[in-house]
Structure formats: structure tokens, C-alpha cells
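Take this structure, written in C-alpha cells, and hold onto it; I'll ask about it next.
The values are calculated or read from the model by the stated rules, or taken from the named source; none is laboratory data. Source: prediction; values computed, not measured. Neighbour counts are summed over all protein chains in view; Cβ atoms, including those assigned to glycine, are modelled from backbone coordinates with ideal geometry. Accessible surface areas use protein heavy atoms only, side chains included; no ligands, DNA or RNA. Shrake-Rupley method; radii C 1.70, N 1.55, O 1.52, S 1.80 Å.
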Amino acid sequence: MTKNRTSTITRKTRETDITVTVDLDGTGKADVSTGVGFFDHMLDSFARHSFIDLKVKADGDLHIDAHHTVEDTGIVIGQAIKDALGDFGGITRFGHAYIPMDETLSRASIDLCKRPYLIWKVDFRRDKIGDMDTELLKEFFHALAGNGGMCLHVENLYGENNHHIAESCFKATARALRTAVSLDPRLGGKAASTKGSL
């Protein structure tokens with residue numbers, strides 16, 4: 001293994017105060033507190049299935065709604081992952097995963113290429129899951145991809161239960177990321193690109 005692939009990022013605005021620590025070579029430990037219960041559950045699952053140790057402390061203006069907290073947490077997690085990757089050299093770069101949960105099947109595909117893009121093909125039948133607005137899920141993934149240098153495609157192929165749909169999207173993204181950030185010794189620390197760098 002090369003350098004220690006960890007990062008701590010703090011971002012403070014008038015709306016949120018968020019600190020995130022990641023270890024890309026962890027075991028999936030999570031210590032998450034955002035004040036949004038369902039979101040905490042999703043981030044815990046994200047850590048567990050990506051094998052990325054994730055610590056999140058977010059204080060946001062929840063008296064308004066959860067929008068700023070969820071989106072800004074995505075920003076900071078993305079920034080921390082990107083920072084921990086350094087020059088992106090030596091990583092597998094691509095990853096994909098299909099995740100079934102009962103009646104639901106979702107897939108995610110990732111290219112860690114420093115050219116952010118999100119394709120989000122996920123629909124929900126309810127406005128809320130627990131205490132979280134379902135429309136905020138896209139905002140989180142958009143912020144994660146944009147700040148993490150990820151080209152990320154997330155699709156729910158079918159499903160009925162909104163909890164299952166959301167959770168399978170987080171797990172699929174986590175599993176895809178787990179592959180993409182893994183080091184391939186055959187690359188010798190170089191970028192997996194014909195350009196020679198990303």
C-alpha cells in the first residue's frame with residue numbers, strides 16, 4: 001500500500017457546520033450524526049458496504065428543513081474522498097454493482113475520473129421516508145459526485161418499497177465505490193488512463 005488514504009474536511013457556512021473523516025482502506029466503520037435519522041441509516045450502510053471508514057458530524061438548520069444538511073454532507077463526503085485519493089493514481093477507477101433488496105433491484109456505476117457527472121434514474125412513490133424528504137436523495141448523490149470527481153450513474157431498475165429503493169441505491173453506490181477506489185498493483189501507482197493522468 002502507498003500512502004495513508006485518509007482525509008478530514010470541515011466546511012462551515014451560515015447554514016451548516018460539517019466535519020467528515022474518511023479512511024478509504026478501512027473496514028466500514030461508521031460514526032454518523034446528522035440529525036436526520038433515515039439519512040444516518042443510509043450513511044451507515046454506505047460505510048459498511050464501501051469498506052470506507054466514515055465519521056460525519058453535521059450540525060445544520062434543521063428547524064428549516066433537512067435540505068442544507070443533506071446536500072452539504074454530500075459535498076463534504078465527496079471532498080474528503082477526493083482528497084484521500086490524491087492524484088487518483090493506482091486505483092482501479094471503475095466500479096459497478098447490482099443490489100437486490102426483496103422486490104427491488106438497483107445498480108450503480110462509477111468512474112473516478114475527476115470529471116463529475118450524475119445520472120439519476122430513481123423515482124419514489126412517497127414524499128418522505130422516515131424524517132427525510134425523498135427529493136433530497138438526488139441532492140446528496142449530486143453533491144457527492146460533483147465534489148468527489150465521480151461520474152456516477154444510479155438507477156432503480158424496479159421496486160415498490162421506498163425504503164428498499166433508497167437503501168439499494170446507497171448500497172449499490174457503496175459497492176461500486178469499493179471497487180473503484182481499490183488499488184491495483186499492476187498500475188504501479190499510475191493512472192488507469194491512456195492519457196497517463198486523470
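Could you go through region 74-90 and let me know if any residue there is open to solvent by 60 Å² or more (accessible area, probe 1.4 Å), of a type outside the set (S, T, N, Q) and part of a strand (DSSP E or B).
Within region 74-90 (the criterion being open to solvent by 60 Å² or more (accessible area, probe 1.4 Å), of a type outside the set (S, T, N, Q) and part of a strand (DSSP E or B)), the answer is no, since none of the residues qualifies.
Ok, one more. Can you pull out every residue in region 16-60 that is open to solvent by 80 Å² or more (accessible area, probe 1.4 Å), part of a loop (DSSP other than H, G, I, E, B) and in contact (Cβ under 8 Å) with a residue 40 or more places away in the chain?
Phe51
Could you pull out the residue among Ile129, Ile110, Ile119 that is surrounded by fewer than 19 Cβ atoms within 10 Å (Cβ to Cβ) and of a type in the set (A, V, I, L, M)?
It is Ile119.
Hey, any hits in region 157-171 for a residue that's of a type in the set (A, V, I, L, M) and over 26 Å from Lys55 (Cβ atoms)?
Filtering region 157-171 down to residues of a type in the set (A, V, I, L, M) leaves 157, 165-166.
Okay, now just the ones that are also over 26 Å from Lys55 (Cβ atoms), so 157, 165.
Yes.
Does any residue in region 99-120 that is on the phi > 0 side of the Ramachandran plot come within less than 7 Å, Cβ to Cβ, of a residue that is not aromatic (Phe, Trp, Tyr) six or more places away or on a different chain, and which pairs are these?
Asp102/Asn161; Asp102/His164; Lys114/Gly149; Lys114/Leu198
Go through region 140-165 and give me each residue that's more than 19 Å from Asp111 (Cα to Cα) and touching a helix residue (DSSP H, G or I) at 6+ places or on another chain (Cβ under 6 Å).
Looking only at region 140-165, we keep the residues that are more than 19 Å from Asp111 (Cα to Cα), and these are 157-165.
Passing the criteria: only Gly159.
May I pose another question? Restricting to region 91-102, give me the number of residues that are in a loop (DSSP other than H, G, I, E, B) and open to solvent by less than 60 Å² (accessible area, probe 1.4 Å). Can you show your working first?
Kept after step one, since they are in a loop (DSSP other than H, G, I, E, B), are these residues of region 91-102: 92-93, 102.
Subset that is open to solvent by less than 60 Å² (accessible area, probe 1.4 Å): 92-93.
Qualifying residue count, region 91-102: 2.
Filter region 157-183 for residues that are among the hydrophobic types (A, V, I, L, M, F, W, C) and touching a Lys or Arg at 6+ places or on another chain (Cβ under 7 Å); which is most open to solvent (accessible area, probe 1.4 Å)?
Quick first cut of region 157-183, residues among the hydrophobic types (A, V, I, L, M, F, W, C) only: 157, 165-166, 169-170, 172, 174, 176-177, 180-181, 183.
Then drop every residue that is not touching a Lys or Arg at 6+ places or on another chain (Cβ under 7 Å), which leaves 157, 172, 180.
Working: Leu157: 68, Ala172: 0, Ala180: 0 Å².
Restricting to residues being among the hydrophobic types (A, V, I, L, M, F, W, C) and touching a Lys or Arg at 6+ places or on another chain (Cβ under 7 Å), the top hit is Leu157.
Can you pull out every residue in region 145-198 that is out of contact with any Asp or Glu (no Cβ under 8 Å at 6 or more places or on another chain) and part of a loop (DSSP other than H, G, I, E, B)?
Gly149, Val181, Ser182, Asp184, Gly188, Gly189, Lys190, Ser193, Thr194, Lys195, Gly196
For region 184-198, indicate whether the set of residues that are open to solvent by less than 10 Å² (accessible area, probe 1.4 Å) and without any contact (Cβ under 8 Å) to a residue 60 or more places away in the chain is non-empty. Give the steps one after another, and end with the answer.
The initial filter retains those residues of region 184-198 that are open to solvent by less than 10 Å² (accessible area, probe 1.4 Å), namely none.
No: zero hits.
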